[in-house]
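The values are calculated or read from the model by the stated rules, or taken from the named source; none is laboratory data. Just so it is clear, the structure is predicted and the values come from calculations on it, not from any experiment. Note: ideal-geometry Cβ built from the backbone for every residue, glycine included; neighbour counts use all protein chains shown. When the accessible area is computed, the model is the full protein with side chains, heavy atoms only, and any ligands, DNA or RNA have been set aside. Shrake-Rupley method; radii C 1.70, N 1.55, O 1.52, S 1.80 Å.
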Amino acid sequence: MASAKEEEYVHKVYNEIASHFSQTRYKPWPIVTKFLNGQPVGSIGIDVGCGNGKYLNVNPNIFIIGSDRSDGLIKCAHEINGQYNVLVADGMCLPHRDNTFDFAISIAVVHHWSTRERRVQAINHILNKVKSGSQILIYCWALEQSTSRRGYHEGMEQDILVPWVLQEKTKKKRDTSDSDKSKDKKNLIKPDLSGIPPKERALYMAKWKKEQEDIRIEQERKEKESQQIRHEEKNEITKYRYYHLYREGELEEDCISAGAKIITSGYERDNWYVIAKKP
Amino acid sequence: MKFLTTNFLKCSVKACDISNLNFPLEYDGSKCKLVQNEDIEFQPEFLLNILDRIDWPAILQVAADLGNTSLPSQKPELHTNMDELNEEELVILRDLHTLLLQTSITEGEMRCRNCGHVYYIKNSIPNLLLPPHLA
Ligand SMILES: C[S@@+](CC[C@H](N)C(=O)[O-])C[C@H]1O[C@@H](n2cnc3c(N)ncnc32)[C@H](O)[C@@H]1O
Ligand SMILES: [Zn+2]
């Protein structure tokens, strides 16, 4: 069940968007770079869910094997640099022996498993592959990203489908949100306070505002849905990827459940990260 | 896929983990196409540390699968300190560099000696993903 969802909303999608997605992924994140550059010369490690391989040549003095479930993205990686050590494999079923590697990274991948049990299992599987005392670095998308354009925040649903709009050169831009907003304004109405005693009006107003806000959100959602349908009619393709957005502290909990010992944790680029050690 | 990678690949089938036949995979010498890339730079210190981490019997086995039986039966024991390496040791490291990093398999297939499942290497990329009935 869970794996069918991942097949539909993760694996299939990454293959479909592979080359477009790959064009947007080239800048290594600072903490990942620092982690990789901190590995001694001749260290051997793995990058689980390496995508187009943007971390595979950060440090030329280590040997990293990158794997990904998407053969489309692995092809992109190989085309970007024929010297990358890449292979196609599932992160929950890695073709490596246990207790082998000096380090492991998995950047923005674990959030694609669709139950908590599977996410913990995936972290545990990665942990199994490194030697005792070795470190792993895991990043997952954060729920708290109020400063990003996506505006996910605390209290929101954590299991979501995130759109990826495949850009087709011949089509025009699809953003019609401005015109939608002006339409919404017409629907605004004033509250009827005539039957309400003055003392209760403040409370009534607060409630009314909340209701209006809910109505507006619902309308926006419907608008988006119908926009979606219109796009499909116009043959503009939006693909949805499943994500579990991690709330603060949750990644640490999952790493501990997976049997790891937390070294440090923090927040970078809308993601929570943990550096943990295999005991 | 570089020769060195073969030292880190086992069969993906979980049930094969209880057998010690799942590593290394068996490479089909008649189907594997090898390519030599001389551009990859020789870094003695890197190689020395890699040597420390590899499973020598697996190197021997895969080399034999691919028609190379000239390797010493024991892992070469070299000075662990870079500065102490002598000429002879540097020659050994250079040979290992040629085999482990400059040699790659661009097309071919390999098979698990426990369950018999065959994996393919195409355009230098090995695919270790299992079909749904084995995953
Ligand atoms: C957001 S991308 C991150 C890619 C890369 N780590 C980076 O930082 O650019 C997520 C990646 O996880 C991979 N992925 C998702 N589920 C996976 C699984 N079960 N096994 C292996 N890779 C998986 C996807 O194919 C995709 O390449
Ligand atoms: Zn097997």
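Residue check: is B:P72 open to solvent by 40 Å² or more (accessible area, probe 1.4 Å) and not in a helix (DSSP H, G or I)?
yes
Going by the structure shown, is B:L47 within 14 Å of another protein chain (Cβ to nearest Cβ) and either acidic (D, E) or in contact (Cβ under 8 Å) with a residue 40 or more places away in the chain (or both)?
When the stated conditions are applied, B:L47 passes them.
Within the bounds of segment B:85-105, is there any residue that is within 16 Å of ligand 2 (Cβ to nearest atom), of a type outside the set (G, A, S) and under 30 Å from A:H11 (Cβ atoms)?
No: zero hits.
Among what's in segment A:107-139 and is within 12 Å of ligand 1 (Cβ to nearest atom) and open to solvent by 50 Å² or more (accessible area, probe 1.4 Å), pick the residue that is nearest to the chain's Cα centre (by Cα).
Among those that are within 12 Å of ligand 1 (Cβ to nearest atom) and open to solvent by 50 Å² or more (accessible area, probe 1.4 Å), it is A:R118.
Go through (1) touching a Gly at 6+ places or on another chain (Cβ under 6 Å); (2) surrounded by 18 or more Cβ atoms within 10 Å (Cβ to Cβ); (3) closer than 28 Å to B:V118 by Cβ and name the single condition B:K31 misses.
Of everything listed in (1) touching a Gly at 6+ places or on another chain (Cβ under 6 Å); (2) surrounded by 18 or more Cβ atoms within 10 Å (Cβ to Cβ); (3) closer than 28 Å to B:V118 by Cβ, B:K31 misses just condition (2).
Of the residues B:L71, B:L60, which single one is under 14 Å from the mean Cα position of the chain (by Cα) and either of a type in the set (S, T, Y) or closer than 24 Å to A:I64 by Cα (or both)?
B:L60
If I filter segment B:47-60 for residues that are within 16 Å of ligand 2 (Cβ to nearest atom), closer than 29 Å to A:K131 by Cα, crowded, with 18+ Cβ neighbours inside 10 Å and at pLDDT 95 or above, do I get at least one hit?
Within segment B:47-60, one or more residues are within 16 Å of ligand 2 (Cβ to nearest atom), closer than 29 Å to A:K131 by Cα, crowded, with 18+ Cβ neighbours inside 10 Å and at pLDDT 95 or above.
Among the numbered criteria (1) in contact (Cβ under 8 Å) with a residue 12 or more places away in the chain; (2) surrounded by fewer than 18 Cβ atoms within 10 Å (Cβ to Cβ), which one does B:N127 miss?
Every listed condition holds for B:N127 apart from (1).
Going through segment A:140-158 one residue at a time, which ones are open to solvent by 10 Å² or more (accessible area, probe 1.4 Å) and in a strand (DSSP E or B)?
A:W141 - this is the single residue of segment A:140-158 that is open to solvent by 10 Å² or more (accessible area, probe 1.4 Å) and in a strand (DSSP E or B).
If we scan segment B:77-100, do we find a residue that is more than 12 Å from chain A (Cβ to nearest Cβ), at positive phi and open to solvent by less than 60 Å² (accessible area, probe 1.4 Å)?
no
If only one of A:T115, A:T100 is out of contact with any strand residue (DSSP E or B) (no Cβ under 6 Å at 6 or more places or on another chain), more than 16 Å from ligand 2 (Cβ to nearest atom), among the hydroxyl-bearing types (S, T, Y) and within 10 Å of chain B (Cβ to nearest Cβ), which one is it?
On inspection, the qualifying residue turns out to be A:T100.
Which members of segment B:113-135 meet the condition of being facing chain A (nearest Cβ under 10 Å), outside any strand (DSSP E or B) and of a type outside the set (A, V, I, L, M)?
Within segment B:113-135, B:N123, B:S124, B:P132 meet the criteria.
Out of all the residues in segment B:37-66, which are more than 18 Å from A:I44 (Cα to Cα) and part of a loop (DSSP other than H, G, I, E, B)?
B:N37, B:E38, B:D39, B:L66
Being under 28 Å from B:N20 (Cβ atoms), modelled with pLDDT of 95 or more, open to solvent by less than 50 Å² (accessible area, probe 1.4 Å) and touching a strand residue (DSSP E or B) at 6+ places or on another chain (Cβ under 8 Å) is the requirement here; does B:D65 meet it?
yes
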